[in-house]
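Visitor: Just dropping this structure here.
The values are calculated or read from the model by the stated rules, or taken from the named source; none is laboratory data. Quick caveat, the model's predicted, so the values are computed rather than measured. Neighbour counts are summed over all protein chains in view; Cβ atoms, including those assigned to glycine, are modelled from backbone coordinates with ideal geometry.
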Amino acid sequence: MRLLTVGHGTADATELTRLLRDAGVRRLVDVRTAPGSRHNPDANRDAMAHWLPDAGIAYRWDKRLGGWRSRPNDSPDTALRNASFGGYATHMRTTEFLAAIDDLLTDADKDLTTVMCAESVWWRCHRKLIADFLLLARGIDVEHLMPDGALRPHRPSPEACLVRTDRVLVYDAGQARLSP
C-alpha cells in the first residue's frame, strides 16, 4: 500500500483533475480544517464534492485530520519551531487522529488515495507530519505529488522520534527515544 499527498494551490478543477488522474489517484481525502478557498472557488469543499466524482475520483473531507492546532505549553514536541506544527504533533497522539488514520488507510487499501490540503509544497504543510506518521508508525510508503506531476518519496523529518511502546511520534529530536 502507498499513499500520496497533494496541495491544490492555485490549480483549478481541470488542472487538479489532470494532475490526480495522471498520478492514478482514485480517492481524495481533504485534510483542510476549513475546506474552502476565497481565491480558488474550484477548491471549495462543495465544489470538489461535485467535480471530483464526475472525474472518477471519490472525495471525502475528514476534519479530524485538519491542521491549524494550538501547541499546549507542556508539549514534548520541542524540536518543531512552527507552533501550529507543534499543535498538530500533539493532536497526532489523540484517539481522534488515530481513528482518522485508520479510516484513511481503509480508503487507501481500496484505491490509490491522496490527502489534500491547500499548500502546494508539502514541507510547509501538516501533510508533512501526516506522512511522517504513516511512514514511521504504520510503515506506509508516502509520496508527495508536486504541482508539475513529479512524485517525491517522503523522507521522515529528522526531529521525529517513534515511541515504540505506543507507536506514536514525538518531535523532540530523539529526546524521548525508547528502546524496542
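Visitor: Considering the stretch 133-149 alone, what residues qualify as being of a type outside the set (A, V, I, L, M), touching a Leu at 6+ places or on another chain (Cβ under 6 Å) and either modelled with pLDDT under 95 or over 22 Å from Arg21 (Cβ atoms) (or both)?
Guide: Within the stretch 133-149, just Phe133 meets the criteria.
Visitor: Name the residues in the stretch 76-94 that are within 20 Å of Asp166 (Cα to Cα), surrounded by fewer than 19 Cβ atoms within 10 Å (Cβ to Cβ) and either of a type in the set (A, V, I, L, M, F, W, C) or out of contact with any strand residue (DSSP E or B) (no Cβ under 9 Å at 6 or more places or on another chain) (or both), would you?
Guide: Residue satisfying the conditions is Thr94 alone.
Visitor: Within the stretch 49-59, can one find any residue that is touching a helix residue (DSSP H, G or I) at 6+ places or on another chain (Cβ under 8 Å), touching a residue at least 40 places away in the same chain (Cβ under 8 Å) and closer than 24 Å to Arg164 by Cβ?
Guide: The answer is no; no qualifying residue exists.
Visitor: If you don't mind, another one. Go through the residues of the stretch 13-24 one by one and say whether even a single one is basic (Lys, Arg), out of contact with any strand residue (DSSP E or B) (no Cβ under 8 Å at 6 or more places or on another chain) and under 24 Å from Asp103 (Cα atoms).
Guide: Among the residues of the stretch 13-24, at least one is basic (Lys, Arg), out of contact with any strand residue (DSSP E or B) (no Cβ under 8 Å at 6 or more places or on another chain) and under 24 Å from Asp103 (Cα atoms), which makes the answer yes.
Visitor: Moving on. Limited to the stretch 64-109, what total is found for residues that are part of a loop (DSSP other than H, G, I, E, B) and under 18 Å from Thr33 (Cα atoms)?
Guide: So the count comes out to 10.
Visitor: Just the residues that are without any contact (Cβ under 8 Å) to a residue 40 or more places away in the chain and touching a strand residue (DSSP E or B) at 6+ places or on another chain (Cβ under 7 Å), please, taken from the stretch 25-40.
Guide: The one that is without any contact (Cβ under 8 Å) to a residue 40 or more places away in the chain and touching a strand residue (DSSP E or B) at 6+ places or on another chain (Cβ under 7 Å): Pro35.
Visitor: Kindly list the number of the only condition in (1) farther than 26 Å from Asp107 by Cα; (2) of a type in the set (D, E, K, R); (3) touching a strand residue (DSSP E or B) at 6+ places or on another chain (Cβ under 6 Å) that fails for Arg60.
Guide: Here Arg60 meets the rest and fails (1).
Visitor: Among (1) at pLDDT below 95; (2) within 27 Å of Thr165 (Cβ to Cβ), there is one condition Trp68 misses while meeting the rest; what is its number?
Guide: For Trp68, the exception is condition (2).
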